[in-house]
Amino acid sequence: MKNIEVNQIINPIPATDGAGVKLKRSIGLEPNYFDPFLMLDEFGSENKDDYIAGFPPHPHRGIETVTYMLAGDFEHKDSTGGQGRMTAGDVQWMKTGSGIIHSEMPAMKGGKLHGFQLWINMPSKIKMSKPEYHYIDSDKMAVHKDEEKKIKIIAGKFEKVEGPIKGHNIEPIYFDIEIKKGKEFNFGIPSNHNSFIYLIDGQIKIGNKKHDKVIGSTLILLTKGENLRVSALSDAKFLLISGKPIGEQIARGGPFVMNTKQEILQAVNDYHNGTFVKWKKLI
């Protein structure tokens, strides 16, 4: 069984998106793509001016978006009639498929907002499929808890606890892990997966080999292997995200991710001529 080690440590780059929301982007610039993951943003501030303008209506095609709230309230509305209010601990997992227009706006006038958005690629055979919307309430989140750690399981399985996202083509793992100083998190990951850790708080050591200091908001790309060991050098909180690569050529055009430039041009044309939304109601 091969140990998983640190492959690359990446400091997120300050960026803005939507109507000027300030965030930290770690996947989507360099690396541009970590198959099947297209983008990872951390948004968070106690200054309402950094987030209050939100993400007004905008389109997506060919991707999945996973929004995970740690603090604050967001309101989601989309072109299919789907809507919901996200609060701390909630997850929104949306397959945009053939196309969706949605907005994500702060449902708060001030205070702390903190969360993550992950973009996942879709294989060509389902890029034009019917959109799907999964809302996971924090009260219904699968959780493993012992004296050393607490793990919120959005996707995947830890020991006997399985997350609500199942039957997915990339066989995703998405854990939110809190671990006490001096303790270890050990976990087996399929050897064909691409995996990363996003450290939110604290300091950790990964694997057996020496690596640069990892502390605070940091992305750590991992090597392929089966055995992951994370040691907490202080009380720490981090995300573990893993998935099976799709292995297809991609073409990107803003909020559209397809396989060819022609498909991107078609998405743009569909959006401008009013034929973008193929499905009027989510099931």
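The values are calculated or read from the model by the stated rules, or taken from the named source; none is laboratory data. As the structure is a prediction and not an experimental result, all values here were calculated from the model. Don't worry about glycine lacking a Cβ; one is built from the backbone with ideal geometry, like all the others, and counts go over all protein chains shown.
Any residue at all in segment 249-264 that is closer than 18 Å to residue 8 by Cα, in a strand (DSSP E or B) and either of a type in the set (Gly, Ala, Ser) or touching a residue at least 24 places away in the same chain (Cβ under 8 Å) (or both)? Within segment 249-264 (the criterion being closer than 18 Å to residue 8 by Cα, in a strand (DSSP E or B) and either of a type in the set (Gly, Ala, Ser) or touching a residue at least 24 places away in the same chain (Cβ under 8 Å) (or both)), the answer is no, since none of the residues qualifies. If you check 237, 213 for being surrounded by fewer than 15 Cβ atoms within 10 Å (Cβ to Cβ) and under 23 Å from residue 34 (Cβ atoms), only one passes: 213. If I go through segment 128-153 residue by residue, how many of them are more than 22 Å from residue 240 (Cβ to Cβ), assigned to a loop (DSSP other than H, G, I, E, B) and not basic (Lys, Arg)? Result for segment 128-153: 3. Counting the residues of segment 11-27 that are part of a loop (DSSP other than H, G, I, E, B) and more than 18 Å from residue 199 (Cβ to Cβ) gives 3. When we screen 182, 188 for residues that are over 19 Å from the mean Cα position of the chain (by Cα) and either over 23 Å from residue 36 (Cα atoms) or buried (at least 19 other Cβ atoms within 10 Å of the Cβ) (or both), the only hit is 182. From the list 27, 100, the lone residue that is in contact with a Pro (Cβ under 6 Å, 6 or more places away or on another chain), within 28 Å of residue 250 (Cβ to Cβ) and hydrophobic (A, V, I, L, M, F, W, C) is 100.
Looking across segment 44-66, the residues that are modelled with pLDDT of 95 or more and crowded, with 21+ Cβ neighbours inside 10 Å come down to 60, 61, 62, 63, 64, 66. Output the residues belonging to segment 154-168 that are closer than 21 Å to residue 221 by Cα and not in a strand (DSSP E or B). Passing the criteria: only 156.
Any residue that is in contact (Cβ under 8 Å) with a residue 24 or more places away in the chain, in a loop (DSSP other than H, G, I, E, B), on the phi > 0 side of the Ramachandran plot and outside the structural domain of residue 119 (by TED's automatic domain parsing) - is there at least one of those in segment 176-189? Yes, segment 176-189 contains a residue that is in contact (Cβ under 8 Å) with a residue 24 or more places away in the chain, in a loop (DSSP other than H, G, I, E, B), on the phi > 0 side of the Ramachandran plot and outside the structural domain of residue 119 (by TED's automatic domain parsing). Just one of (1) without any contact (Cβ under 8 Å) to a residue 12 or more places away in the chain; (2) in contact with a His (Cβ under 9 Å, 6 or more places away or on another chain) fails for residue 49. It is (2). The one condition from (1) closer than 18 Å to residue 27 by Cβ; (2) surrounded by 14 or more Cβ atoms within 10 Å (Cβ to Cβ); (3) out of contact with any Lys or Arg (no Cβ under 6 Å at 6 or more places or on another chain) that residue 205 does not meet is (1). Filter segment 90-127 down to the residues that are part of a loop (DSSP other than H, G, I, E, B), surrounded by fewer than 18 Cβ atoms within 10 Å (Cβ to Cβ) and either at pLDDT 95 or above or not hydrophobic (A, V, I, L, M, F, W, C) (or both) and list them by number. Listed by number, the residues that qualify are 109, 110, 111, 112, 123. In the list 20, 84, 72, which residue meets the criterion of being outside the structural domain of residue 231 (by TED's automatic domain parsing), farther than 30 Å from residue 125 by Cβ and surrounded by fewer than 17 Cβ atoms within 10 Å (Cβ to Cβ)? After ruling out the rest, the residue left standing is 20. Across segment 153-179, the number of residues qualifying as surrounded by fewer than 20 Cβ atoms within 10 Å (Cβ to Cβ) and small (Gly, Ala, Ser) comes to 1.
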